[in-house]
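Have a look at the structure below before the remarks.
Values in this text are rule-based calculations from the coordinates and carry no lab data. As the structure is a computational prediction, the values presented were derived from the model and not from experiment. With ideal geometry, Cβ positions are generated from the backbone for all residues, glycine too; neighbour counts draw on all protein chains shown.
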Amino acid sequence: MKRIDTIAGLRASLDAARAEGRSVGFVPTMGYLHEGHVSLMRAARRDTDVVVSSVFVNPLQFAANEDLDDYPRDLERDSELATAAGVDVLFVPSTTEMYPDDHPIATTVTVTGASEGFEGASRPSHFAGVATVVAKLFSIVGPCAAYFGEKDFQQLSVVRRMVADLSMPVEVVGCETVREPDGLAMSSRNAYLTEAQRAAAPVVSRALRTAADAIRAGETDPSAVRRVMADIVAADTGPETDSELDYADVVDAVSFATPDPLAGDLRLLIAVRFASTRLIDNVGVTAPVAPTRGS
Ligand code: AMP
């Protein structure tokens, strides 16, 4: 695996590969890699000829009160994991390489609609920061297939929308969430959890699974579905976990609006705060087709 730190170096390397007719697969990350990231790298390895992954903790997507400085970093281990997953090029730009005039930058990308609500409501400048850095990375990497996790389902929707609206030469590939054996979605931020919080954290995915089961069993009232999730989180997190439900909701998987009664392809979304660590998760579920009257 080759490590490249400059925009010009990465461009030259990937342009040369494409000139030889080789396809490029791209996996953007903020590093501190785990099996979730590795699954994206393996999917890119399966589908494309040259796999590039980036490790860049993007200051634009962190608010002033968030964990930019504390975000976990381990580039040596990341390099080993990326090599083992079949990554050909690891792109590790410095902040000054990406933002030479220091951030904030004058040009930003805002995706309306998909960025609003949920993570967008809890973290107001977050998706503009994500869309801007992803647009910048796509511009650096060039035509490619880009792999994103469903773990960050709203982010995936924002990126898909940006690529469609701006006719970017990128095929966006969504990949399933990778979980710990107890159901907790893998996340670099799980490293922040105390022992008690880590023990309680599977409640997040348990709430989603129970709500999905209720929908499959015929529940069509969105309030009842929200209540199922909120009740489980309240019941299964003690005061020692310092936890609080941020949101638990059910939305249409494409529009992010809540159909009432629930119908079609739905996404259950949840965010729970454990002290200053916010864990997010989601699952898809299709509402059963209601039997037609008289049949
Ligand atoms: P991050 O490093 O957190 O910015 O994540 C980089 C990419 O990995 C994003 O596309 C995430 O959605 C994806 N990702 C993070 N956690 C998981 C997971 N548990 N399963 C699948 N993909 C993930």
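Within the listed set Phe56, Phe148, Phe26, the residue fluctuating most in the Gaussian network model of the chain (springs between alpha-carbon atoms under 10 angstrom) is Phe56. If R0 equals 45 Å, the separation of the Cβ atoms of Ala290 and Ser122 corresponds to a calculated FRET efficiency of about 0.85. Comparing Leu40, Leu137, Leu90 in a Gaussian network model of the chain where C-alpha atoms under 10 Å apart are linked, the largest mean-square fluctuation is found at Leu137. Span-like helix check, the chain: qualifying full DSSP H segments, with Cα axial length of 15 Å or more and mean Kyte-Doolittle of -1.0 or more, are 7-19, 35-47, 126-141, 153-165, 203-216, 222-235.
Counting only DSSP H runs of at least 4 residues, each contributing -39500 (n - 2.57), and dividing by the residue count of the chain, the helix-based mean residue ellipticity at 222 nm comes to -11000 deg cm²/dmol.
Annotation: amide H-H contacts under 5 Å for Ser243 (H modelled 1.01 Å from N, sequence separation of 5 or more, or interchain): Ala275. Summarising the strand pairing of the chain, around 50 percent of its internal DSSP beta bridges are antiparallel.
Each label was represented as a point 7 Å from its Cα along the Cα-to-Cβ direction; for Thr107 and Ala63 these points are 2.8 nm apart. If you wrap the chain in the convex hull of its Cα atoms and look at it from every side, the mean projected area works out to 17.1 nm². Distant-in-sequence amide contacts of Ala253, defined by a placed amide H-H separation under 5 Å and a gap of 5 or more residues or a different chain, comprise Asp265, Leu266, Arg267. Counting beta carbons within 10 Å around each of Cys144, Cys175 and listing the fewest first gives the order Cys175, Cys144. The value for the range 155-215 of Rg(Cα) / (2.2 N^0.38 Å) is 1.54. Overall shape: rounded for the range 2-175, with the ratio a/c of the largest to smallest alpha carbon gyration tensor axis below 1.5. For the pair Arg216 and Thr83, the difference between a 0.36 nm per residue extended length and the Cα-Cα distance amounts to 43.8 nm. The spread of Cα positions in the range 188-286, taken along each principal axis and listed from longest to shortest, comes to 39, 24, 16 Å. Pop the C-beta distance of Asp165 and Ala234 into the FRET formula with R0 = 41 Å and round what comes out to the nearest 0.05. Between Asp165 and Ala234 the formula returns 0.55. Residues whose amide H lies under 5 Å from that of Ala146, counting only those 5 or more places away or on a different chain, are Phe26, Glu171, Val172, Val173; hydrogens are built 1.01 Å from N in the peptide plane. Mean sequence separation of contacting Cα pairs (under 8 Å, at least six apart), scaled by the length of the range 188-286, corresponds to a relative contact order of 32 percent. Based on Cα contacts under 8 Å between residues 6+ apart, the chain shows a relative contact order of 16 percent.
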